[in-house]
Amino acid sequence: MSLVLQDLGDEYLITRTGIKPPACCRYKQGPIDCLIDIRNTHGLEADDVEEVTVGVLSGGFKLVASPEEDKANPKTVVDMQFSMPFGAAVALAYGRASLEEYADGVPDRPEISRILPRVKCVTDPELDAHFPREFRAWAEVSTADGRRLRSDIRYPKGDPENALSWAEMKEKFGRPYRNGHQPGTPATNHRRHRIAGRNGGRARAGSPPVHGIGHQAVKMGKRI
């Protein structure tokens, strides 16, 4: 009984909820973060990319990296969501992997079709050694001018240990509405704006990151 009651009323497990920024399979999340980091850190454009190597967890390899030919040629939105090469391509081309990128016609864009066949996925025992407690990942990009750039991540963005800020939370949930996807009902839109408005002043004043949306709910004293 003591184990059942331990930390009761002190620790709210909802604050340990992860929120996944990319609109795709969880196993792609860490590699996408790494590739966005490489792109932003080194100012890469799609034309700079010569070759991409991605470290993928063995547990998700067949979901997002195999068969290789199929994953490099996604036909539907669901194909895109479970294609690591596609996730790598949009991350490097656009610096994001939101609902906007997972849409019909995107694989046929010149910048995406150029990168898709250049992505190679591999497994790594070092990544698997920490799974499932940690969804580690890494990525390397070889550039046309001869550079080899690498990024590693321990906790993908949105995990409780690497939580989204309130601004990033608004970007995650606001982007689909701003661009015409999934408009929602008047009630859900009103509720979303109320939540954003209640935190708005505090966020502009430089408040600390929100550690999961549950944490924000506890601070507001309401369930959302």
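In the context of the full set of protein chains, residues of the range 1-125 present 50 Å² of accessible surface per residue (probe radius 1.4 Å, heavy atoms only). Over the range 13-68, the reciprocal of the mean inverse Cα-Cα separation, the Kirkwood hydrodynamic radius, stands at 13.3 Å. Charged neighbours of Gly60, selected by a Cβ distance under 13 Å, balance to +3 (K, R count +1; D, E count -1).
A compact globular protein would have a Cα radius of gyration near 2.2 N^0.38 Å; the ratio found for the range 68-116 is 0.94. Length gained on full extension, Ile14 to Asp128: 38.4 nm, using 0.36 nm per residue less the C-alpha separation.
The Cβ shell under 15 Å around Leu92 holds other residues with a net charge of 0, Lys and Arg each +1, Asp and Glu each -1. Overall, the accessible surface of the range 2-95 at a probe of 1.4 angstrom is composed of carbon and sulfur to the extent of 51 percent. In terms of distances greater than 22 angstrom between alpha carbons, the cross-link table entries Lys75/Lys120; Lys71/Lys120; Lys120/Lys172; Lys62/Lys120; Lys28/Lys62; Lys28/Lys71 yield Lys120/Lys172.
Taking every alpha-carbon pair in the range 1-128 and binning the separations at 5 Å intervals from zero gives 2, 11, 20, 21, 17, 9, 5, 5, 4, 3, 2, 1, 0 percent.
Accessible area per residue was computed with a 1.4 Å probe on protein heavy atoms; Tyr94 scores about 40 Å². When Rg and the Kirkwood Rh are both derived from Cα coordinates, the Rg/Rh ratio for the range 85-176 amounts to 1.00. With each label modelled as a point 7 angstrom along the Cα→C-beta vector, the Asn73-Ala103 pair spans 2.6 nm.
The values are calculated or read from the model by the stated rules, or taken from the named source; none is laboratory data. Quantities reported herein were computed from a predicted structural model and do not represent experimental measurements. Note: ideal-geometry Cβ built from the backbone for every residue, glycine included; neighbour counts use all protein chains shown. Accessible surface areas use protein heavy atoms only, side chains included; no ligands, DNA or RNA. Shrake-Rupley method; radii C 1.70, N 1.55, O 1.52, S 1.80 Å.
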